[in-house]
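This report refers to the structure that appears directly beneath it.
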Amino acid sequence: MKNTVPKKVYYALGAVIAFFGIIVYSALDPASNLFPRCPVNMLTGLKCPGCGSQRALHQLLHLNIVKAMEYNALMVFSIPLLAFLLFANFFGDKWPKVYAASRSPMLSRAVLIVILAWTVLRNVFSI
Ligand SMILES: [Zn+2]
């Protein structure tokens with residue numbers, strides 16, 4: 001069965017979710033225990049690659065970049081990559097080389113290696 005939902009519907013839905021996410025994470029501080037803790041951290045005591053991302057996002061929305069880096073530097077550094085992937089997906093029809101670069105297996109492997117290295121380093125050195 002062919003997917004008949006236009007791409008624009010997905011983009012609009014993503015924009016609405018992002019809009020409400022920005023409002024929620026701007027108004028509420030995840031550091032105040034309003035949000036559930038990471039299940040990986042609760043069960044193992046280890047930090048997963050995403051631990052601190054909600055608190056980092058809250059700090060970024062308040063332009064506290066240093067504090068955001070303290071909570072999760074990978075999340076902060078990944079924003080340009082996420083913007084690139086979003087751009088490539090959105091404008092892939094007009095910029096096919098950018099779209100192809102965003103789907104590169106090399107990029108996927110590099111991201112995986114960075115995430116694994118970040119996970120090990122933050123648990124070994126408590127960063
Ligand atoms: Zn976590």
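Of all residues in the range 7-47, how many are among the small types (Gly, Ala, Ser) and over 30 Å from LEU116 (Cβ atoms)?
5
Check THR4 against each of (1) more than 18 Å from the chain's Cα centre (by Cα); (2) surrounded by 10 or more Cβ atoms within 10 Å (Cβ to Cβ); (3) β-branched (Val, Ile, Thr) and name the one condition it does not meet.
(2)
Here's the yes/no breakdown for (1) hydrophobic (A, V, I, L, M, F, W, C); (2) within 24 Å of SER26 (Cβ to Cβ):
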{"residue": "ILE79", "(1), (2)": "yes, yes"}
{"residue": "LEU85", "(1), (2)": "yes, yes"}
{"residue": "ASN89", "(1), (2)": "no, no"}
{"residue": "GLY92", "(1), (2)": "no, no"}
{"residue": "TRP95", "(1), (2)": "yes, no"}
{"residue": "MET106", "(1), (2)": "yes, no"}
{"residue": "ARG109", "(1), (2)": "no, no"}
{"residue": "VAL120", "(1), (2)": "yes, no"}
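Restricting attention to the range 49-95, which residues are touching a Pro at 6+ places or on another chain (Cβ under 7 Å) and not aliphatic (A, V, I, L, M)?
GLN54, ARG55, HIS58
Restricting the first residue to the range 28-56 and requiring it to be of a type in the set (Val, Ile, Thr), which pairs with a second residue that is more than 7 Å from the ligand (Cβ to nearest atom) meet a Cβ separation below 7 Å and a spacing of at least six or different chains?
VAL40/LEU46
Restricting attention to the range 59-99, which residues are closer than 21 Å to TYR11 by Cα, part of a helix (DSSP H, G or I) and of a type in the set (Phe, Trp, Tyr)?
Scanning the range 59-99 gives PHE84, PHE87, PHE90, TYR99.
LYS97 fails exactly one of the following numbered conditions: (1) exposed (fewer than 11 other Cβ atoms within 10 Å of the Cβ); (2) in contact with a Lys or Arg (Cβ under 8 Å, 6 or more places away or on another chain); (3) among the basic types (Lys, Arg). What is the number of that condition?
(2)
For the range 27-38: of the residues being surrounded by fewer than 11 Cβ atoms within 10 Å (Cβ to Cβ) and part of a helix (DSSP H, G or I), which is farthest from the chain's Cα centre (by Cα)?
Looking at the filtered set, the residue picked out is SER32.
Listed here are the residues, each with its yes/no results for (1) within 11 Å of the ligand (Cβ to nearest atom); (2) more than 18 Å from SER126 (Cβ to Cβ).
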site	(1), (2)
LYS8	no, yes
LEU13	no, yes
VAL16	no, yes
GLY21	no, yes
TYR25	no, yes
LEU34	no, yes
CYS48	yes, no
GLN54	yes, yes
LEU63	no, yes
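Would you mention how many residues in the range 51-76 are buried (at least 19 other Cβ atoms within 10 Å of the Cβ) and closer than 18 Å to ASN33 by Cβ?
Summing the residues that are buried (at least 19 other Cβ atoms within 10 Å of the Cβ) and closer than 18 Å to ASN33 by Cβ in the range 51-76 gives 11.
Can you name the number of the only condition in (1) touching a residue at least 12 places away in the same chain (Cβ under 8 Å); (2) surrounded by 14 or more Cβ atoms within 10 Å (Cβ to Cβ) that VAL24 fails?
All conditions are met except number (1).
Coordinate-derived values only; no laboratory data. Because the structure is a prediction, the values reported are computed rather than measured. When we count neighbours, we look across all protein chains shown, and the Cβ atoms used for this are built from the backbone with ideal geometry, even at glycine.
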